1. Six or more apart or on different chains, Cβ under 8 Å: which pairs go from a residue in region 166-180 that's over 15 Å from Val128 (Cα atoms) to one that's surrounded by 10 or more Cβ atoms within 10 Å (Cβ to Cβ)? Could you list them?
2. What strands (runs of 3 or more DSSP E) lie completely within region 91-170 and have 2 or more residues being in contact with a Pro (Cβ under 7 Å, 6 or more places away or on another chain)?
3. Residues of region 171-209 being part of a helix (DSSP H, G or I) and among the charged types (D, E, K, R), which ones?
4. If a residue has to be in contact (Cβ under 8 Å) with a residue 60 or more places away in the chain and farther than 24 Å from Gly134 by Cα to count, how many in region 189-231 make the cut?
5. If only one of Val194, Val199 is under 28 Å from Lys71 (Cβ atoms), aliphatic (A, V, I, L, M) and surrounded by fewer than 20 Cβ atoms within 10 Å (Cβ to Cβ), which one is it?
6. Tell me, which residue of region 205-219 that is open to solvent by 40 Å² or more (accessible area, probe 1.4 Å) and among the small types (Gly, Ala, Ser) is nearest to Val159 (Cα to Cα)?
7. Quick one: Asp222 ticks every box in (1) under 22 Å from Arg61 (Cα atoms); (2) of a type outside the set (A, V, I, L, M); (3) surrounded by 14 or more Cβ atoms within 10 Å (Cβ to Cβ) bar one, so which box is it?
8. Answer yes or no as to whether Glu72 is of a type outside the set (A, V, I, L, M), modelled with pLDDT of 95 or more and assigned to a loop (DSSP other than H, G, I, E, B).
Amino acid sequence: MTRKNGFVGRRNLLKLVGVGGASLAATTVVSSSWGAQPAVAQQTDTKEKPKPVSPDDALKRLLDGNQRFMKEKRQTPNQSRLRLQEVAAAQYPFAAVLGCADSRVPAEIVFDQGLGDLFVVRLAGNVVSPTATGSLEFATSVLGSQLIIVLGHERCGAVQAALKSDALPGRIGTFVEDIKPALNGIKAQSNDAVNDAVVANVRYQVGLLQESSSLLTQLIKDGKLKIVGGRYDLDTGAVTLVT
């Protein structure tokens, strides 16, 4: 199987999982306030990927960006028209984020990153689901991201719902059920039960990712991937590592 920089090529992975290449390869670029862009751009293996950022360097890049955001010294990188055109043809995000869908925690903003920098999966409660896992496998084994951060946040409503364990309408309870196993045997670390549960959930989801995917497990063994957990403070904007 052909690899580039130690990662499975798009076409080979699609053959491996039995998915048609056309469904994932083609992306459409439309006109914007920057002016008309080429109508269609395809992600192909014809251009060599840039060398991936190491797990430690990727983490430092995220945390440095968060410091800029928190101190109101944002650089807003990679948000120019040129960057738009660069990533229209292909994407090579240096890190992947499994974050909560909460509107107050947009990863690109709180880490001061731009177009094509982060591969972001957002679900209420930042839970590991089959779809989330598959998306992160694609980000790492195909696109070359060498870091995944599971990002929980202060006063998470999904975690609070799991603590209350009340009946919920519709399918809201599905992600709550994915959080409940994380709450078993929580040891109090602060005077805030919700905060303790948020941290416990992040750690649980990190462990689940590491154990439930053979692709991610192999990348970790090969030194090509690190999975960490973080907690975002709604009041200060700071991200603190919890794993």
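The values are calculated or read from the model by the stated rules, or taken from the named source; none is laboratory data. All figures in this text were calculated on a predicted structure; none of them were measured in a lab. Reconstructed Cβ throughout: ideal geometry from the backbone, glycine too, with neighbour counts over all protein chains shown. Ligands, DNA and RNA are excluded from the accessible area calculation, which covers all protein heavy atoms including side chains. Shrake-Rupley method; radii C 1.70, N 1.55, O 1.52, S 1.80 Å.
1. Here the result reads Ala167/Gly173; Leu168/Ala161; Leu168/Val176; Ile172/Ala161, each pair linking region 166-180 to a residue that is surrounded by 10 or more Cβ atoms within 10 Å (Cβ to Cβ).
2. 118-122
3. Residues satisfying the conditions are Glu177, Asp178, Lys180, Asp196, Arg203.
4. 0
5. Val194
6. Checked region 205-219; the qualifying residue nearest to Val159 (Cα to Cα) is Ser212.
7. Evaluating Asp222 over (1) under 22 Å from Arg61 (Cα atoms); (2) of a type outside the set (A, V, I, L, M); (3) surrounded by 14 or more Cβ atoms within 10 Å (Cβ to Cβ) leaves (3) as the failure.
8. On the way: of a type outside the set (A, V, I, L, M): yes; modelled with pLDDT of 95 or more: yes; assigned to a loop (DSSP other than H, G, I, E, B): yes.
Answer is yes for this residue.
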